[in-house]
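The values are calculated or read from the model by the stated rules, or taken from the named source; none is laboratory data. In this text, all values refer to a predicted model and were calculated from it rather than measured experimentally. Here the Cβ positions follow ideal geometry from the backbone for every residue, glycine too, while neighbour counts run over all protein chains shown. With ligands, DNA and RNA removed, areas are computed over all heavy atoms of the protein, side chains included. Shrake-Rupley method; radii C 1.70, N 1.55, O 1.52, S 1.80 Å.
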Amino acid sequence: MPSLRRRLVGAALLAAGAVTFGVAITIAPVIVPEVGTASGAPDLVVPSPVSLLAAPALLAAGSVLLVSGGATLCDARLSARAALLAPALGAVGALAFGTGIGTEFGAPLTAFAASGTLTALSTGPPGTVAAGAAAGATVAPVVRAATTEDTVALLVGATLLLASIAVGSESPLTLAAGGVTGALAVGALWAIDPATWRP
(Lines give C-alpha, C1' and ligand atoms only; values in the text may rest on other atoms or scores of the structure.)
Protein backbone atom coordinates (compact mmCIF):
# COMPACT_ATOMS: atom_id res chain seq x y z
CA MET A 1 0.00 0.00 0.00
CA PRO A 2 2.77 2.55 0.68
CA SER A 3 3.82 2.13 -2.94
CA LEU A 4 0.33 3.03 -4.20
CA ARG A 5 0.18 6.03 -1.86
CA ARG A 6 3.58 7.26 -3.06
CA ARG A 7 2.51 6.91 -6.66
CA LEU A 8 -0.62 8.95 -6.01
CA VAL A 9 1.49 11.61 -4.29
CA GLY A 10 3.87 11.55 -7.27
CA ALA A 11 1.01 12.01 -9.72
CA ALA A 12 -0.32 14.93 -7.68
CA LEU A 13 3.13 16.55 -7.56
CA LEU A 14 3.57 16.15 -11.32
CA ALA A 15 0.14 17.71 -11.91
CA ALA A 16 0.97 20.61 -9.59
CA GLY A 17 4.31 21.13 -11.35
CA ALA A 18 2.65 21.10 -14.76
CA VAL A 19 0.04 23.65 -13.63
CA THR A 20 2.80 25.84 -12.20
CA PHE A 21 4.68 25.77 -15.49
CA GLY A 22 1.43 26.49 -17.34
CA VAL A 23 0.88 29.63 -15.28
CA ALA A 24 4.53 30.62 -15.78
CA ILE A 25 4.05 30.53 -19.57
CA THR A 26 1.41 33.24 -19.33
CA ILE A 27 3.55 35.67 -17.33
CA ALA A 28 7.12 35.02 -18.49
CA PRO A 29 8.85 37.76 -20.55
CA VAL A 30 8.65 36.96 -24.28
CA ILE A 31 10.66 38.09 -27.30
CA VAL A 32 8.60 39.71 -30.06
CA PRO A 33 10.69 39.34 -33.26
CA GLU A 34 8.35 41.39 -35.46
CA VAL A 35 8.84 44.48 -33.29
CA GLY A 36 12.39 45.79 -33.25
CA THR A 37 13.95 48.37 -31.01
CA ALA A 38 15.88 51.36 -32.34
CA SER A 39 19.05 49.24 -32.45
CA GLY A 40 17.31 46.58 -34.56
CA ALA A 41 17.25 44.00 -31.77
CA PRO A 42 13.98 42.17 -31.09
CA ASP A 43 11.73 43.75 -28.51
CA LEU A 44 10.67 42.06 -25.29
CA VAL A 45 7.21 41.97 -23.78
CA VAL A 46 6.93 41.70 -20.01
CA PRO A 47 3.24 40.81 -19.49
CA SER A 48 2.97 42.08 -15.93
CA PRO A 49 4.88 44.38 -13.56
CA VAL A 50 5.41 41.37 -11.28
CA SER A 51 6.58 39.04 -14.07
CA LEU A 52 10.22 39.25 -13.03
CA LEU A 53 9.23 38.08 -9.54
CA ALA A 54 6.41 35.63 -10.26
CA ALA A 55 7.94 33.84 -13.26
CA PRO A 56 11.17 32.67 -11.56
CA ALA A 57 9.21 31.77 -8.42
CA LEU A 58 6.77 29.60 -10.40
CA LEU A 59 9.52 28.00 -12.47
CA ALA A 60 11.66 27.21 -9.41
CA ALA A 61 8.76 25.61 -7.56
CA GLY A 62 7.45 23.87 -10.66
CA SER A 63 10.78 22.31 -11.57
CA VAL A 64 11.29 21.01 -8.02
CA LEU A 65 7.76 19.56 -8.02
CA LEU A 66 8.26 17.90 -11.42
CA VAL A 67 11.58 16.27 -10.53
CA SER A 68 10.39 15.10 -7.13
CA GLY A 69 7.03 14.00 -8.50
CA GLY A 70 8.69 11.94 -11.23
CA ALA A 71 10.80 10.07 -8.67
CA THR A 72 7.85 9.57 -6.34
CA LEU A 73 5.57 8.35 -9.13
CA CYS A 74 8.17 5.70 -10.03
CA ASP A 75 8.42 4.81 -6.31
CA ALA A 76 12.15 5.58 -6.49
CA ARG A 77 14.40 7.43 -4.11
CA LEU A 78 15.39 10.81 -5.51
CA SER A 79 19.18 10.98 -5.63
CA ALA A 80 21.02 14.27 -5.27
CA ARG A 81 22.38 13.88 -8.81
CA ALA A 82 18.91 13.34 -10.25
CA ALA A 83 17.75 16.43 -8.33
CA LEU A 84 20.28 18.44 -10.37
CA LEU A 85 17.71 18.22 -13.18
CA ALA A 86 15.55 20.75 -11.31
CA PRO A 87 17.73 23.86 -11.89
CA ALA A 88 18.34 22.82 -15.49
CA LEU A 89 14.59 22.41 -16.03
CA GLY A 90 13.85 25.81 -14.49
CA ALA A 91 16.48 27.65 -16.55
CA VAL A 92 15.62 25.92 -19.82
CA GLY A 93 11.91 26.54 -19.19
CA ALA A 94 12.51 30.27 -18.69
CA LEU A 95 14.55 30.56 -21.88
CA ALA A 96 12.08 28.45 -23.86
CA PHE A 97 9.15 30.56 -22.65
CA GLY A 98 11.17 33.63 -23.63
CA THR A 99 11.15 32.46 -27.25
CA GLY A 100 7.36 32.22 -27.22
CA ILE A 101 6.82 28.50 -26.67
CA GLY A 102 3.22 28.14 -25.59
CA THR A 103 2.06 31.34 -27.29
CA GLU A 104 1.72 30.16 -30.88
CA PHE A 105 3.02 27.47 -33.21
CA GLY A 106 6.36 28.36 -34.74
CA ALA A 107 7.04 31.28 -32.40
CA PRO A 108 10.46 29.93 -31.32
CA LEU A 109 11.56 29.54 -34.95
CA THR A 110 10.51 33.09 -35.70
CA ALA A 111 12.32 34.33 -32.60
CA PHE A 112 15.58 32.59 -33.48
CA ALA A 113 15.36 33.83 -37.08
CA ALA A 114 15.62 37.41 -35.79
CA SER A 115 19.04 38.90 -35.21
CA GLY A 116 19.94 39.57 -31.61
CA THR A 117 17.67 36.88 -30.19
CA LEU A 118 20.40 35.09 -28.27
CA THR A 119 21.59 38.35 -26.78
CA ALA A 120 18.05 39.32 -25.79
CA LEU A 121 17.51 35.90 -24.21
CA SER A 122 20.74 35.80 -22.25
CA THR A 123 21.09 39.41 -21.13
CA GLY A 124 17.45 40.51 -21.05
CA PRO A 125 14.54 39.59 -18.78
CA PRO A 126 14.39 35.92 -19.94
CA GLY A 127 18.00 35.43 -18.80
CA THR A 128 17.24 37.09 -15.47
CA VAL A 129 14.19 34.87 -14.98
CA ALA A 130 16.28 31.80 -15.90
CA ALA A 131 18.89 32.76 -13.29
CA GLY A 132 16.22 33.22 -10.61
CA ALA A 133 14.53 29.93 -11.49
CA ALA A 134 17.84 28.05 -11.47
CA ALA A 135 18.89 29.61 -8.16
CA GLY A 136 15.62 28.60 -6.52
CA ALA A 137 15.55 25.10 -7.97
CA THR A 138 19.17 24.51 -6.90
CA VAL A 139 17.91 24.29 -3.32
CA ALA A 140 16.63 20.78 -4.16
CA PRO A 141 19.94 19.15 -5.13
CA VAL A 142 21.81 20.98 -2.36
CA VAL A 143 19.37 19.67 0.26
CA ARG A 144 19.43 16.14 -1.20
CA ALA A 145 23.23 16.20 -1.41
CA ALA A 146 23.46 17.30 2.22
CA THR A 147 21.07 14.58 3.44
CA THR A 148 22.65 11.81 1.36
CA GLU A 149 26.23 13.03 1.88
CA ASP A 150 26.90 13.24 -1.87
CA THR A 151 29.90 15.57 -2.00
CA VAL A 152 30.08 15.74 -5.80
CA ALA A 153 26.41 16.74 -6.14
CA LEU A 154 26.84 19.26 -3.33
CA LEU A 155 29.78 20.89 -5.13
CA VAL A 156 27.92 20.95 -8.44
CA GLY A 157 24.83 22.41 -6.75
CA ALA A 158 26.89 25.08 -5.00
CA THR A 159 28.59 25.95 -8.30
CA LEU A 160 25.22 26.24 -10.06
CA LEU A 161 23.93 28.45 -7.27
CA LEU A 162 26.94 30.77 -7.48
CA ALA A 163 26.70 30.89 -11.29
CA SER A 164 22.98 31.78 -11.08
CA ILE A 165 23.71 34.54 -8.58
CA ALA A 166 26.47 35.91 -10.81
CA VAL A 167 24.20 35.92 -13.90
CA GLY A 168 21.25 37.50 -12.08
CA SER A 169 23.24 39.86 -9.85
CA GLU A 170 21.63 42.94 -11.44
CA SER A 171 18.19 41.79 -10.30
CA PRO A 172 18.47 40.62 -6.68
CA LEU A 173 14.69 40.59 -6.20
CA THR A 174 14.32 38.06 -9.02
CA LEU A 175 16.96 35.85 -7.39
CA ALA A 176 15.28 36.24 -4.01
CA ALA A 177 11.85 35.34 -5.42
CA GLY A 178 13.21 32.17 -7.01
CA GLY A 179 15.30 31.25 -3.98
CA VAL A 180 12.54 31.70 -1.42
CA THR A 181 10.02 29.78 -3.52
CA GLY A 182 12.48 26.96 -4.19
CA ALA A 183 13.16 26.67 -0.46
CA LEU A 184 9.42 26.69 0.31
CA ALA A 185 8.81 23.95 -2.30
CA VAL A 186 11.51 21.76 -0.76
CA GLY A 187 10.14 22.46 2.72
CA ALA A 188 6.64 21.43 1.61
CA LEU A 189 7.99 18.27 0.00
CA TRP A 190 9.92 17.46 3.16
CA ALA A 191 6.53 17.23 4.91
CA ILE A 192 4.45 15.77 2.06
CA ASP A 193 6.91 13.16 0.79
CA PRO A 194 9.29 12.34 3.65
CA ALA A 195 10.32 9.00 2.11
CA THR A 196 11.97 10.90 -0.75
CA TRP A 197 13.41 13.87 1.07
CA ARG A 198 14.32 12.95 4.62
CA PRO A 199 17.51 11.01 5.38
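Restricting attention to segment 123-164, the residues that are within 14 Å of the chain's Cα centre (by Cα) and more than 23 Å from SER68 (Cα to Cα) total 3. Looking only at segment 100-116, filter to residues that are out of contact with any strand residue (DSSP E or B) (no Cβ under 6 Å at 6 or more places or on another chain) and among the β-branched types (Val, Ile, Thr); which one of those is modelled with the highest pLDDT? Looking at the filtered set, the residue picked out is ILE101. Being closer than 18 Å to PRO199 by Cα and either buried (at least 24 other Cβ atoms within 10 Å of the Cβ) or in contact with a Ser or Thr (Cβ under 9 Å, 6 or more places away or on another chain) (or both) is the filter here, so list the residues in segment 68-97 that pass it. Selection gives SER68, GLY69, ALA71, THR72, ASP75, ALA76, ARG77, LEU78, SER79, ALA80, ALA83, LEU84. Selection of segment 21-41 for residues being at pLDDT 80 or above and part of a loop (DSSP other than H, G, I, E, B) yields ALA28, PRO29.
Among the residues of this structure, THR128 counts as one that is open to solvent by 10 Å² or more (accessible area, probe 1.4 Å), of a type in the set (S, T, N, Q) and in contact with a Ser or Thr (Cβ under 7 Å, 6 or more places away or on another chain).
Of the residues that sit in segment 176-194 and are aliphatic (A, V, I, L, M) and touching a residue at least 60 places away in the same chain (Cβ under 8 Å), which one is most open to solvent (accessible area, probe 1.4 Å)?
Restricting to residues being aliphatic (A, V, I, L, M) and touching a residue at least 60 places away in the same chain (Cβ under 8 Å), the top hit is LEU184.
Yes/no matrix, rows are residues, columns are (1) within 24 Å of THR20 (Cα to Cα); (2) modelled with pLDDT of 90 or more; (3) assigned to a helix (DSSP H, G or I):
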site	(1), (2), (3)
PRO87	yes, yes, yes
PHE97	yes, no, yes
SER122	yes, no, yes
ALA131	yes, yes, yes
ALA135	yes, yes, yes
THR147	no, yes, yes
LEU189	yes, yes, yes
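Annotation: of all residues in segment 42-54 being in a helix (DSSP H, G or I) and open to solvent by 50 Å² or more (accessible area, probe 1.4 Å), the one that is modelled with the highest pLDDT is LEU53.
Under 6 Å by Cβ, and 6 or more places apart or on different chains, what pairs join a residue from segment 1-29 that is among the charged types (D, E, K, R) with one that is in a helix (DSSP H, G or I) and surrounded by 18 or more Cβ atoms within 10 Å (Cβ to Cβ)? Once the first residue is among the charged types (D, E, K, R) and sits in segment 1-29, its partners that are in a helix (DSSP H, G or I) and surrounded by 18 or more Cβ atoms within 10 Å (Cβ to Cβ) give ARG6/THR72.
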